[in-house]
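Written below as structure tokens is the structure these notes are about.
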Amino acid sequence: MHGLVLAGGRGMRMGGLDKGLQLLQGRPLAVHVIAGLAPQVGRVLVSANRNLEAYAALGHAVLADPPGFEFAGPLAGMLAGLEAIPADAWLLTAPCDCPRLPPDLAERLLAAARPHGLAFARAAREHPTHALLQARLREPLRAHLATGGRAVLRWMLGQPHGVAHFDDEAAFANLNHLDDLHG
């Protein structure tokens with residue numbers, strides 16, 4: 001299983017700053033997410049579209065959005081991740097602004113995804129960027145992006161999928177604003 005930190009956005013809600021590189025408790029947000037993913041996967045990748053050297057300095061391969069889908073949202077990052085792994089592999093995704101990943105995220109998503117090839121997390125609401133995808137979904141995802149599709153949950157609901165239920169909504173809290181990092 002491979003892990004992917006989704007850090008390829010424009011950071012609009014953070015004033016255009018690169019969210020994954022903003023500090024929380026003295027470390028970049030992406031480092032917190034990497035620390036949560038690493039024990040659950042064999043290899044960590046980072047999806048980023050700017051500051052590539054800064055992300056590479058974190059010690060993991062960095063993937064830009066595929067040509068033609070630059071800054072097309074989390075689905076483009078997911079596609080980059082799916083294209084970087086073997087055809088029979090799984091990809092566990094997590095956004096760079098959610099530093100409190102459940103330690104059993106991969107295990108629970110895999111149990112929900114096995115029959116379908118795809119699962120996402122749900123606590124009080126759906127969290128489709130906390131997902132597990134089988135590499136065979138790369139072509140359906142590429143086709144969806146090519147038609148202009150950008151909504152993660154809408155695409156996932158259109159695929160055979162499972163849902164992993166979690167009790168702790170706080171584990172999926174996004175830190176979208178600079179004030180969230182200091183509050």
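The values are calculated or read from the model by the stated rules, or taken from the named source; none is laboratory data. Source: prediction; values computed, not measured. So basically every Cβ, Gly included, is an ideal-geometry build from the backbone, and we count neighbours across all protein chains shown. Heavy atoms of the whole protein, side chains included, go into the accessibility calculation; ligands, DNA and RNA do not. Shrake-Rupley method; radii C 1.70, N 1.55, O 1.52, S 1.80 Å.
Worth a mention:
A quick yes/no check of all residues on (1) over 22 Å from Leu45 (Cα atoms); (2) touching a Pro at 6+ places or on another chain (Cβ under 8 Å); (3) of a type in the set (Phe, Trp, Tyr):
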position	(1), (2), (3)
Ala113	no, no, no
Glu126	yes, no, no
Thr129	no, yes, no
Leu132	no, no, no
Met156	no, yes, no
Asn174	no, yes, no
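- Number of positions in region 6-35 that are closer than 20 Å to Asp104 by Cα and under 12 Å from the mean Cα position of the chain (by Cα): 4
Table: residues versus (1) β-branched (Val, Ile, Thr); (2) open to solvent by 10 Å² or more (accessible area, probe 1.4 Å); (3) within 12 Å of Leu91 (Cβ to Cβ).
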| position | (1), (2), (3) |
| --- | --- |
| Leu105 | no, no, no |
| Leu110 | no, yes, yes |
| Pro115 | no, yes, no |
| Phe120 | no, no, no |
| Ala124 | no, yes, no |
| Pro128 | no, yes, no |
| Ala131 | no, no, yes |
| Ala135 | no, no, yes |
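- Any hit, region 50-60, residues being in contact with a Phe, Trp or Tyr (Cβ under 9 Å, 6 or more places away or on another chain), in contact (Cβ under 8 Å) with a residue 24 or more places away in the chain and surrounded by 19 or more Cβ atoms within 10 Å (Cβ to Cβ): no
- Residue pairs whose Cβ atoms lie under 8 Å apart, sitting 6 or more positions apart in sequence or on different chains, and linking a residue in region 19-44 that is under 14 Å from Leu92 (Cβ atoms) to a partner that is part of a helix (DSSP H, G or I) and open to solvent by 40 Å² or more (accessible area, probe 1.4 Å), are Gln40/Glu107; Val44/Ala38.
- Criterion: within 14 Å of the chain's Cα centre (by Cα), buried (at least 21 other Cβ atoms within 10 Å of the Cβ), on the phi < 0 side of the Ramachandran plot and not acidic (Asp, Glu) - qualifying residue of Ala72, Ala94: Ala94
- Among the conditions (1) within 11 Å of the chain's Cα centre (by Cα); (2) among the small types (Gly, Ala, Ser); (3) over 18 Å from His130 (Cα atoms), the only one that Gly3 does not satisfy is (3).
- Members of region 137-161 found to be in contact with a helix residue (DSSP H, G or I) (Cβ under 8 Å, 6 or more places away or on another chain), surrounded by 19 or more Cβ atoms within 10 Å (Cβ to Cβ) and not aromatic (Phe, Trp, Tyr), listed by number: Leu137, Arg138, Leu141, His144, Leu145, Val152, His161
- Residue tally, condition part of a helix (DSSP H, G or I) and surrounded by 15 or more Cβ atoms within 10 Å (Cβ to Cβ), over region 23-49: 9
- For region 38-53, the count of residues that are farther than 20 Å from Lys19 by Cα and polar (S, T, N, Q) is at least one.
- Members of region 99-139 found to be of a type in the set (Lys, Arg) and either free of Cβ contacts under 8 Å to residues at least 40 places away in the same chain or over 24 Å from Leu181 (Cα atoms) (or both), listed by number: Arg108, Arg114, Arg136, Arg138
- In region 1-22, the residue that is surrounded by the fewest Cβ atoms within 10 Å (Cβ to Cβ) out of those that are assigned to a strand (DSSP E or B) and in contact with a Ser or Thr (Cβ under 7 Å, 6 or more places away or on another chain) is Ala7.
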